[in-house]
Amino acid sequence: MVSLRELQLCQLDIALEIRDICEKYKIPYFLVGGTLLGTIRHGGFIPWDDDLDIGFLREDYNRFIEVCKIDLPDSLFLQTWDTDEHYGLPFAKVMLKETLYKQIECGTSKAADMIFVDLFPYDNMSSNIIKRKCQFYFGKTAEKLLLYKQGYAVWIYSKHRFLHRILSLTSHLFTKEILKKIVYNMQTMENNVKTAQVINLNGAYRDKEYMEFNGTKTKKMMFEGYEFNIPLGWEQLLKNMYGDYMKLPPENEQVNKHKATIIDMGRYQIRNSATR
């Protein structure tokens with residue numbers, strides 16, 4: 001049985017490989033989400049967290065994807081719509097081969113299910129709130145339709161199962177390619193104009209994961225004893241997502257979100273020197 005700490009350190013190994021690629025090719029990146037919160041509040045992983053999140057501006061995200069085609073360690077697999085025809089999410093994962101990470105919400109999907117690190121693109125965000133809401137909700141609806149087509153159990157933790165049943169039936173009216181195009185176009189619809197803010201439209205905090213464009217410039221900070229980039233706009237980002245981010249949640253909410261049913265590291269041996 002793999003402990004949560006072993007999983008975290010395995011993800012840290014993957015993140016270090018990603019960091020090294022970004023530094024080699026001068027691709028800007030930054031820690032985001034719970035990983036950023038853990039950096040600020042704990043100096044590493046949130047003790048109960050079970051994933052690791054890295055963000056890029058869309059242009060840099062695309063560059064990283066291209067670089068991985070020619071320079072990714074043999075032990076890793078880059079999961080995207082293009083590299084895994086069964087994958088349903090509009091952001092990339094870097095996965096560790098010969099490991100296993102199964103989640104209930106993946107349903108009957110045949111997508112690769114290995115231990116991973118999430119890579120999130122940040123896109124331009126409109127200052128018009130109506131346009132912004134449309135960008136988010138239309139994109140998310142198309143994403144859910146795509147997930148249903150790919151066999152994901154999107155409804156598993158939802159209180160609105162009837163609505164999801166309708167979405168599941170509606171998904172048969174579209175091809176995968178059409179749904180992918182809708183999702184991508186909605187996420188990038190503002191990228192041809194200059195905006196003051198950028199947003200991660202793929203995160204768990206709906207349309208709250210945004211910060212000033214200038215805030216995406218980075219600085220170094222220690223995470224589990226290693227230097228990683230964080231965005232200069234980290235405080236705004238964390239306030240948007242968590243409110244009083246330095247306050248620990250109630251004990252009953254200190255749980256991981258992926259609820260993996262099977263985690264197997266195979267023969268993999270953790271390489272980093274973070275505290276066990």
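Some notes on this structure:
- DSSP beta bridges in the chain [antiparallel fraction, %, rounded to 5]: 85
- Separation of alpha-carbon centers, segment 129-198 and segment 13-39, rounded to whole Å: 27
- Set 110/149; 69/93; 144/208; 24/69; 140/239; 194/217 screened for pairs whose C-alpha atoms are more than 21 Å apart: 140/239
- Cα-Cα separations in segment 11-62 greater than 15 Å, expressed as whole percent: 47
- Loop-located GluC sites (Glu not before Pro) in segment 63-150, at most 11 other Cβ atoms within 10 Å (DSSP): 85
- Placing unit charges on the Cβ atoms only, positive for Lys and Arg and negative for Asp and Glu, gives the chain a dipole magnitude near 820 debye about its Cα centre.
- For the listed peptides 193-205, 30-42, a ranking on the average number of other beta carbons within 10 Å per residue, highest first, reads 30-42, 193-205.
- Ordering of 248-257, 56-65, 176-185 by packing [mean C-beta count within 10 Å, highest first]: 56-65, 176-185, 248-257
- Counting only protein heavy atoms and a probe of 1.4 Å, the accessible surface of segment 7-146 is 54% carbon and sulfur.
- Taking only the C-alpha atoms of segment 83-131, the Rg (one decimal) and the largest Cα-Cα distance, Dmax (whole number), read 14.7, 46 Å.
- Among the listed options (1) 98, 41, 31; (2) 70, 41, 30; (3) 50, 45, 42, the one matching Cα extents along the principal axes in Å as calculated from these coordinates is (3).
- Computed across segment 84-203, the Kirkwood hydrodynamic radius from all distinct Cα-Cα pairs reaches 15.5 Å.
- Descending principal axes extents, segment 212-276, alpha-carbon based, whole Å: 43, 31, 21
- The chain, accessible area per residue, ligands and nucleic acids excluded (1.4 Å, Å²): 51
The values are calculated or read from the model by the stated rules, or taken from the named source; none is laboratory data. The structure displayed is predicted, hence computed values, not measured ones. As a convention, Cβ positions derive from the backbone with ideal geometry for all residues, glycine included, and neighbour counts pool all protein chains shown. When the accessible area is computed, the model is the full protein with side chains, heavy atoms only, and any ligands, DNA or RNA have been set aside. Shrake-Rupley method; radii C 1.70, N 1.55, O 1.52, S 1.80 Å.
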